[in-house]
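Working notes for the structure below.
The values are calculated or read from the model by the stated rules, or taken from the named source; none is laboratory data. As the structure is a computational prediction, the values presented were derived from the model and not from experiment. Cβ: placed from backbone, ideal geometry, glycine included. Neighbour counts: every protein chain shown. All accessible areas refer to the heavy atoms of the entire protein, side chains included, with ligands and DNA or RNA removed. Shrake-Rupley method; radii C 1.70, N 1.55, O 1.52, S 1.80 Å.
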Amino acid sequence: MLLFLEQLLNGLQFGVMLFLLAAGLTLIFGIMGLINLAHGSLYMVGAFVCATVVAYTGSFLLAVVAGAAAAGLAGLVIESTIMRRLYDRGHLDQVLATFGLILFFNEAVRMIWGPRPLNVDIPTWLSGSVELFPGGGYPVYRLAIIVIGLAIALAMWWLVQRTRLGMLIRAGAADREMVAALGVDTRVLFAGVFVLGAMLAGLGGALAGPIFTVGVGMGENILILTFVVIVVGGIGSIRGALVGALLVGVVDTLGRAYLPTLLRWVTDPASADGIGAGLASMLVYILMAAVLIWRPRGLLPAHGH
Amino acid sequence: MNNHKPFAAVLAALALAAAPVAGAEPVRIGMITTLSGGGSALGVDVRDGFMLAVGDDDTLGGVPVEVLIEDDARDTSRSREAAQRMIQREQVSIFTGTIWSNLALATVPRILAADGLFLSPNAGPAEFAGSDCHPGYFNVAWQNDNLHEAMGQYVNDEGYDNVYLVAPNYPAGRDALEGFKRYYQGDIAGELNTSLGQQDYASELATIRNADPEAVFFFLPGGMGVNFLRQYDQAGMRDSIPLYGPAFSFDEAILEAAGSAAEGAINGAQWSPDLDNAANREFVEAFQAKYDRRPSLYASQGYDTARLLASALAAVDGDISDMQALRAAVREADFESVRGDFRFNTNQHPIQDIHVRRVVPAEGGGHTNELVGMAFPEHRDAYVGDCAME
């Protein structure tokens with residue numbers, strides 16, 4: 001039972017990480033209709049800048065802020081030079097252009113920081129573990145990620161539901177042309193949303209630094225799962241992104257933890273381990289397929305789509 | 001049949017034209033390795049180790065050489081095409097550089113079909129050690145299973161009999177666990193097959209801690225290993241459950257990224273920076289002076305590959321027109337390896353000592369490996385029996 005609770009926390013933590021990426025991706029896709037494969041590159045930029053600032057200043061807080069800011073800046077630059085030209089093009093053009101950006105960012109990062117991965121230590125005030133349940137210590141840093149992730153989710157909810165900007169975002173997700181026709185400067189709105197998404201991705205990358213490898217290509221692995229999240233949650237919806245992210249995080253973690261054991265009931269241990277591992281890595285995609293059959297537009301889609 | 005005659009004549013003429021006159025044309029060496037994208041740290045190290053031996057005067061064993069370096073970006077078709085191009089356009093017949101087994105399996109047969117010589121500085125798939133062994137293929141590093149086997153033996157020797165195993169769910173991962181189990185006699189507390197490229201191991205770590213094993217053996221190459229090591233440390237398991245793995249999980253790039261999380265881990269390797277022999281001392285010092293970083297296992301393999309080739313080129317006096325003679329000279333392995341004693345088995349894979357190392361803090365910051373013992377003296381791979389060569 002304790003183990004199950006710990007695994008649930010692990011799933012939650014993985015889920016909020018995914019949410020930080022999915023929130024931006026879903027807004028950009030929902031409002032501008034842009035498939036941004038380079039979203040993972042912004043996550044990578046955040047992680048690398050965070051690692052560098054930690055190395056020079058020793059302050060983790062400053063580094064996380066710098067990582068998010070750098071990703072936002074990179075987002076602003078690619079939005080105003082490249083993405084802006086892609087909003088009215090087809091999805092294939094967007095995929096091609098943003099895939100090119102992935103290659104560009106990977107090589108650029110390799111030229112600046114070199115091919116070897118970087119190391120970010122957990123700051124001392126977040127290291128160690130707390131005894132949430134007797135005999136089961138849980139790393140403080142992972143708890144901190146859960147808290148920060150849920151706080152960001154709350155802030156995003158407030159932004160989208162309670163502010164004027166949020167109203168425009170919701171309206172944009174529902175009907176882009178109508179918002180433009182009503183006299184809203186969509187160029188500014190789109191740029192703002194893109195930068196916001198980029199900053200969240202950069203924040204995710206910065207927070208991931210101490211747990212994951214800060215290396216070239218780190219964004220691609222997590223990007224695939226992020227797309228699964230927004231498809232499961234419903235494109236263009238922040239609530240959907242949160243629900244989808246937590247669902248994918250928990251299902252993936254529990255699947256890895258328990259599928260091999262469950263399969264031992266029906267087959268011998270060796271093949272249970274093999275099949276279980278294979279099945280566990282497919283589980284989130286099976287979840288996605290099931291959700292799409294049941295609700296083709298995702299669990300909590302934005303209105304009007 | 002007659003139609004083939006002019007073609008054969010043209011080929012023969014070309015071959016004659018391509019045959020270098022000793023001392024006139026430099027010997028061309030094709031180095032196809034991974035220099036960009038994921039895993040490029042390995043290719044860069046192999047290249048730098050090789051080029052250190054080539055030196056600024058571009059010679060190997062006193063013979064002028066020209067090294068053509070090509071990036072395969074860890075892509076099978078790019079690797080194969082680069083080899084094809086070098087064979088046809090540049091008349092290259094000596095190849096090296098390949099890092100990954102899947103790339104070697106796709107590329108090496110082309111080279112061998114063109115009667116070329118291939119010296120593997122890293123990849124050592126079972127096929128080439130056993131049923132598909134070939135007089136033109138030499139492995140200068142190890143057969144893939146060797147370093148895992150060493151850990152199986154050592155964990156046994158240490159008296160552990162309840163070990164947890166972790167490896168990714170792909171061919172090399174399964175081979176690693178097979179290699180470990182070939183020599184390990186005790187109980188297996190559990191086995192986790194993680195997915196390739198997995199970043200988060202929180203779930204696996206909780207499962208392992210719950211199983212309460214005496215030790216953990218893991219093989220997670222590249223970034224996966226860094227993630228695992230750091231999360232293992234963060235979960236507070238480094239002090240309670242000792243970690244064992246192959247040297248691949250503790251190379252210089254990984255140690256740099258993992259920081260103190262890797263400290264104390266035990267790993268099997270055919271080389272260590274503190275191996276006490278003249279060739280190695282010279283290598284470590286020269287590498288550090290030239291590239292301003294610590295040499296890795298891969299760099300030592302690149303260096304040894306170049307020095308092996310140097311010994312063979314010197315023996316045939318730079319004349320590579322007689323491939324038979326060149327292969328025979330390579331087979332002699334008449335060079336000072338940085339590993340100490342080194343010779344080829346009948347399948348042209350190394351017979352060598354496999355050592356045990358521990359990760360320790362290095363002088364001047366960072367971490368490095370130091371020798372703590374030996375797993376196998378004069379180890380041979382398990383596939384030599386399937387090889388028809390004698």
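Just report the Cα centroid separation between the stretch B:91-161 and the stretch A:50-91, whole Å. Cα centres, the stretch B:91-161 to the stretch A:50-91: 42 Å. What FRET efficiency comes out for B:MET323 versus A:VAL95 if R0 is 60 angstrom and r is the Cβ-Cβ distance? Round to the nearest 0.05. Calculated transfer efficiency: 0.80.
Only Cα pairs under 8 Å and 6+ residues apart enter the sum, and on that basis the relative contact order of chain A stands at 35 percent.
Take the accessible area of A alone and of B alone, subtract that of the pair with a 1.4 Å probe, and the total buried over both chains is about 2900 Å².
Between A:LEU12, A:LEU225, A:LEU159, the residue with the greatest mean-square fluctuation in the GNM of chain A (Cα pairs under 10 Å linked by springs) is A:LEU159.
Among the helices of chain A, those built from whole DSSP H runs whose Cα atoms reach 30 Å or more along their own axis and whose mean Kyte-Doolittle hydropathy is at least 0.0 are A:2-32, A:60-81, A:91-113, A:140-162, A:186-208, A:238-263, A:269-294. Using a Gaussian network model of chain B in which every pair of alpha carbons under 10 angstrom is joined by a spring, one finds that among B:GLN234, B:GLN84, B:GLN352 the greatest mean-square fluctuation is at B:GLN234.
Roughly how big is the stretch B:25-95's charge dipole about its Cα centre, with Cβ charges of +1 (Lys, Arg) and -1 (Asp, Glu), in debye to the nearest 20?
Dipole magnitude for the stretch B:25-95 comes out near 340 debye.
Summarised in one figure, the compactness ratio Rg/Rh of the stretch B:209-317, Cα atoms and Kirkwood Rh, is 1.10.
Where Rh is the Kirkwood radius over the Cα pairs of the stretch B:346-390, the temperature 4 °C and the viscosity 1.567 mPa s, what D in µm²/s does Stokes-Einstein return? Value of D from the Cα-based Kirkwood radius: 100 µm²/s.
Relative to the Cα centre, the charge distribution of the protein assembly as shown, modelled as +1 at Lys and Arg Cβ and -1 at Asp and Glu Cβ, gives a dipole magnitude of about 3220 debye. Considering only A:PHE14, A:ILE112, A:GLY236, the residue lying farthest towards the positive end of the dipole of chain A is A:GLY236, judged by Cα position with unit charges set on Cβ.
Among the chymotrypsin sites (Phe, Trp or Tyr not before Pro) in the stretch B:286-350, none is located in a DSSP loop while being surrounded by at most 16 other Cβ atoms within 10 Å of its own Cβ.
Spin-label model, B:GLN91/B:GLU282: points 7 Å from Cα along the beta carbon direction are separated by 3.3 nm.
The relative contact order of the stretch A:1-139, computed from alpha carbon pairs under 8 Å that lie at least 6 residues apart in sequence, is 26 percent.
By definition, a body whose alpha carbon gyration tensor gives a ≥ b ≥ c is oblate when a/c is 1.5 or more and a/b is not larger than b/c, and the stretch A:10-70 fits this oblate description.
Pop the C-beta distance of A:ILE112 and B:GLU178 into the FRET formula with R0 = 35 Å and round what comes out to the nearest 0.05. Using R0 = 35 Å, I get an efficiency of 0.30. What the protein assembly as shown shows is 40 Å² of accessible area per residue, with the surface traced by a 1.4 Å probe over protein heavy atoms. Test of understanding: extend the Cα→C-beta vector of B:GLU363 to 7 Å, then name every residue of the stretch B:278-312 with backbone N under 12 Å from that spot. Under cut-off, by backbone N: B:285. For the stretch B:131-221, rounded, prolate or oblate, judged on the Cα gyration tensor with a ≥ b ≥ c (square roots of eigenvalues), a/c < 1.5 rounded, else prolate if a/b > b/c? In terms of gyration-tensor shape, oblate.
Contact residues in the stretch A:200-242 by the 40 Å² criterion (accessible area, 1.4 Å probe, full protein complex versus chain alone): A:ILE211, A:PHE212, A:THR213, A:ASN221.
Please report, as a whole percent, how much of the solvent-accessible surface of the stretch B:230-315 comes from carbon and sulfur atoms (probe radius 1.4 Å). With neighbouring chains kept in place, the figure for the stretch B:230-315 is 45 percent. What are the residues of the stretch B:228-250 that lose 30 Å² or more of accessible area, with a 1.4 Å probe, going from their chain alone to all protein chains? SASA drop of 30 Å² or more in the stretch B:228-250: B:ARG230, B:GLN231, B:GLN234.
Comparing mean-square fluctuations of B:VAL27, B:VAL372, B:VAL338 from a GNM of chain B with C-alpha springs under 10 Å, the top value falls on B:VAL372. Classified by the C-alpha gyration tensor, the stretch A:199-305 has an oblate form. Its axis ratio a/c, with a ≥ b ≥ c, is 1.5 or above, and a/b does not exceed b/c.
Assuming charge only on the beta carbon of Lys and Arg (+1) and of Asp and Glu (-1), the dipole of the stretch B:315-390 about its Cα centre is about 360 debye to the nearest 20. Quick one: go through the stretch B:251-265 and flag any residue whose amide nitrogen is under 19 Å from the point 7 Å out along the Cα-to-Cβ line of A:THR124. Residues B:259-261 fall inside that zone. Placing dummy labels 7 Å off each Cα toward the beta-carbon, the span from A:ALA151 to A:ILE293 is 4.2 nm. Computed in the context of the full set of protein chains, the accessible area of the stretch A:142-218 at 1.4 Å probe radius has 70% of its extent on carbon or sulfur. Placing unit charges on the Cβ atoms of the charged side chains and taking the dipole of chain B about its Cα centre, the candidate lying farthest along the positive direction among B:TYR291, B:GLY116, B:LEU229 is B:GLY116. Stick to the Cα atoms of chain B, pair each with every other, and give me the Kirkwood hydrodynamic radius in Å at one decimal. Result for chain B, one decimal place: 21.6 Å.
Helix by helix through chain B, keep the DSSP H runs that span 24 Å or more along the axis on Cα and average at least 0.0 on Kyte-Doolittle, and give those back in order.
In chain B, the long hydrophobic H runs are B:297-315.
Distance from the C-alpha centroid of the stretch B:335-387 to that of the stretch B:194-216: 28 Å, rounded to the whole angstrom.
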